[in-house]
Amino acid sequence: MALFLSPNIIDIAFAGHPEARVQLSLISTLHSRYPNMENINFELPYESVSNGVNIISTALRGWHKLREVTVHQISTEAYRHLAMLPKLRSLELSLCNGRSDTLGSSLVLPAFPSGSATFMALRILTVHCQNINFCISILAHLSSNRTLTSLTLQFDRSASAAQWKGLTETIEQMCPASLSTIHVADNNSFHFEGNMDDFTLKEEHLEPLFSFPNLEWINLCPVSVDINDDNYERITQTWPGLIFWGIDGFARNQPPPRPTLAVLQSFAKNCPKISLLTMRLDGTVPCTSNANSRVFTHSLRSISLEDSPIADPAMAAAYLSDILPYMDSIYYEENSGEDPERQKLWAEVVRLHKVFRAVRLQEMARSQCQRKRA
């Protein structure tokens, strides 16, 4: 391999390959041949190879200038090494990847002495593990960090609302005010079977995140969600800089959504930069507006709705075109598969919205011309 690579190489990536042993034999010598490595991506199934985790971990411990790291399983000492690197700015740990129910528990997180400077320069943290408690444990190592901007956490065992509250409280305690992006996903929510009440996310479980007023991108995927129009008014006032908001419970037996189409006015009024919404809405509640409630200069151009009841497509389309005349796309997906007729009704909303929107824009253009003449 040394014949083909410059000795000054600082970036390298290994993609998934059935012959992981061959790649591992090359990786085992990389740290000694290329000591200046800064960015590495080990996307190969080395966990299935005897001594694979040890080879990867040994290589990691031989590099002291790393800035960006993407790995799967690593040893405790390799994790400790990464935590102490002064320039590490991006870390992606994929400890599950759907290959084994046991993965994610083999990494034993180390204990650091009180006051240890860990992950000092980290800006992006991505973790895919077995359960939410492991995510909470990793966040405890961010107490010295003042640079984190993006946090992505995925776990493969469904978490209760109380566990979500524990997670958001830990984020509040450990993450810096620089945080602007949060993505948290319960990957097992679609297959959840149990007491829905204990697994339903409410506004109170999100309140610890209100300590981060500069959040721009929020995407949350719990088992179930119970947030109403009044809650959304407070949420949008708390995060006026939102660009993307996505929240959705994917459990098949969750109750109908509580927010109505009227929540779109809260986003339009309070979040001038919002460009995309993904959520569940109750489209059966009649909503009306007047000319004073239109938002002419808003950036919201697209909404993506899932498993949302609808009764009157004409009412919904007219309301959407009236309060958001510049919104040009509505996407709907029936994930539950239980109501194919609902998919047809939302398709009618999309069709009618295009017609009503064209009329609204013509009215606005005509009114603007009249004002100029006056």
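Cα extents for the range 297-368 along the principal axes, largest to smallest and rounded to whole angstrom: 46, 22, 13. For the chain, the Kirkwood hydrodynamic radius from C-alpha pairs, put into Stokes-Einstein at 4 °C and a viscosity of 1.567 mPa s, yields a diffusion coefficient of 56 µm² per second.
The Rg/Rh ratio for the range 196-247 is 0.95, where Rg is the radius of gyration of the alpha carbons and Rh is the Kirkwood radius. For Lys65, the aspartates and glutamates whose Cα comes closer than 12 Å to its Cα, not counting residues fewer than 8 places off in the same chain, are Asp11, Glu38.
Please work out the FRET efficiency for the pair Arg61 and Glu204, using the Cβ-Cβ distance as r and a Förster radius of 51 Å; give the result to the nearest 0.05.
Rounded to the nearest 0.05, the efficiency is 0.75.
Computed over the chain with a Gaussian network model linking Cα atoms closer than 10 Å, the most mobile of Glu38, Glu207, Glu363 is Glu363.
Result for the chain in a Gaussian network model with C-alpha springs under 10 Å: among Ser114, Ser289, Ser90, the largest mean-square fluctuation is at Ser114.
Estimated at 0.36 nm per residue, the fully extended path between Asp328 and Leu361 surpasses their Cα-Cα distance by 10.7 nm.
Please give me, ordered by residue number, the trypsin sites (Lys or Arg not before Pro) of the range 301-374 that lie in loop per DSSP and have at most 14 other Cβ atoms within 10 Å.
When the trypsin sites (Lys or Arg not before Pro) of the range 301-374 are filtered for loop state and at most 14 Cβ neighbours within 10 Å, Arg301 remain.
If you place +1 on the Cβ of every Lys and Arg and -1 on the Cβ of every Asp and Glu, how big does the dipole about the Cα centre of the chain come out, in debye to the nearest 20?
Details: 32 positive and 38 negative charges, 354 e Å.
In total the dipole reaches around 1700 debye.
Its residue count N fixes a reference of 2.2 N^0.38 Å for the range 108-161, and the Cα radius of gyration divided by that reference is 1.20.
Only protein heavy atoms count here; on that basis, with a 1.4 Å probe, Glu334 has an accessible area of about 30 Å². For the range 47-99 versus the range 183-216, the spacing of their alpha-carbon centroids is 29 Å. The share of alpha-carbon pairs in the range 98-215 lying farther apart than 21 Å comes to 40%. In the complete set of protein chains, residue-level accessible area for Phe14 is approximately 20 Å², probe 1.4 angstrom.
Mean separation of Cα pairs under 8 Å and 6 or more residues apart, divided by the residue count, gives the chain a relative contact order of 8 percent. Candidate cross-link partners of Lys344 among the lysines, defined by an alpha-carbon separation under 17 Å and a same-chain spacing of 8 or more, comprise Lys354.
The values are calculated or read from the model by the stated rules, or taken from the named source; none is laboratory data. Since this is a predicted model, take the numbers as computed values, not measurements. With ideal geometry, Cβ positions are generated from the backbone for all residues, glycine too; neighbour counts draw on all protein chains shown. What goes into the accessible areas is simple: the full protein's heavy atoms, side chains included, and nothing from ligands, DNA or RNA. Shrake-Rupley method; radii C 1.70, N 1.55, O 1.52, S 1.80 Å.
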